[in-house]
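Read the structure below first, then the notes.
The values are calculated or read from the model by the stated rules, or taken from the named source; none is laboratory data. Just so it is clear, the model here is predicted, and its values are computed rather than measured. Methodologically, a virtual Cβ is constructed for each residue, glycine included, from the backbone with ideal geometry; neighbour enumeration extends over all protein chains shown.
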Amino acid sequence: MHKNVRNYDAVSPVVGVMLMLVVTIIIAAVVSAYAGGLGQSTPKAPQINIGAEAHDGKDIIIDFRGGDQVSGSAIIVKTYIPMGTFKDMSHQVDLKNVTYLPTNEALKTDWSAKTIQTGDKIRINWADAFAASSYGGYVAPAVGEPVNIEIYDSASGKVIVTTQTSILP
């Protein structure tokens, strides 16, 4: 007499097809994520701490008080007027006209830039800190009014640090 023996240890064809389909979808999602840039990491922006002092019609001195070293070519400096006659005016400073005070040289040239570290100071001339007015003078805050000094990471465009100071006579 012959016995019919069935082997129940194998995976059924339906379950096998489903497993292959799930594995294929997972592989496609991983490849798509890396091709779309999900696997890329952006460089971390430096962290710095600054103080500022602004003298009416003369200059703005930025004091680097702590944090990471940063190259003059890796930052963008802007002034922003939060209130007063020229409220909401912003101006990007040309770093080629900024003086790196430890050496009294330009912070940035066409070929190189100074590295700023804790304890260093830079000076921005009044004419470079604010936009020129079509009526003469500059679009700048008056004595006693505040001005924000904003430093951005040039690679990401994100704000690294902002400080506010009042204009001194």
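Miscellaneous remarks
- Residues in region 63-93 that are within 18 Å of Tyr138 (Cβ to Cβ) and more than 17 Å from the chain's Cα centre (by Cα): Ile81, Pro82, Met83, Gly84, Thr85, Phe86, Lys87, Asp88, Met89.
- Tally of residues being crowded, with 20+ Cβ neighbours inside 10 Å and either in a loop (DSSP other than H, G, I, E, B) or at positive phi (or both) across region 104-132: 3
- Which listed residue is within 14 Å of Phe86 (Cα to Cα) and buried (at least 19 other Cβ atoms within 10 Å of the Cβ), from Val147, Val143, Val98: Val147
- Test set (1) in contact with a Lys or Arg (Cβ under 8 Å, 6 or more places away or on another chain); (2) surrounded by fewer than 16 Cβ atoms within 10 Å (Cβ to Cβ); (3) β-branched (Val, Ile, Thr) - Ile81 fails condition number: (2)
- Residue within region 133-142 that is assigned to a strand (DSSP E or B), within 16 Å of Asp56 (Cα to Cα) and at pLDDT 95 or above present: no
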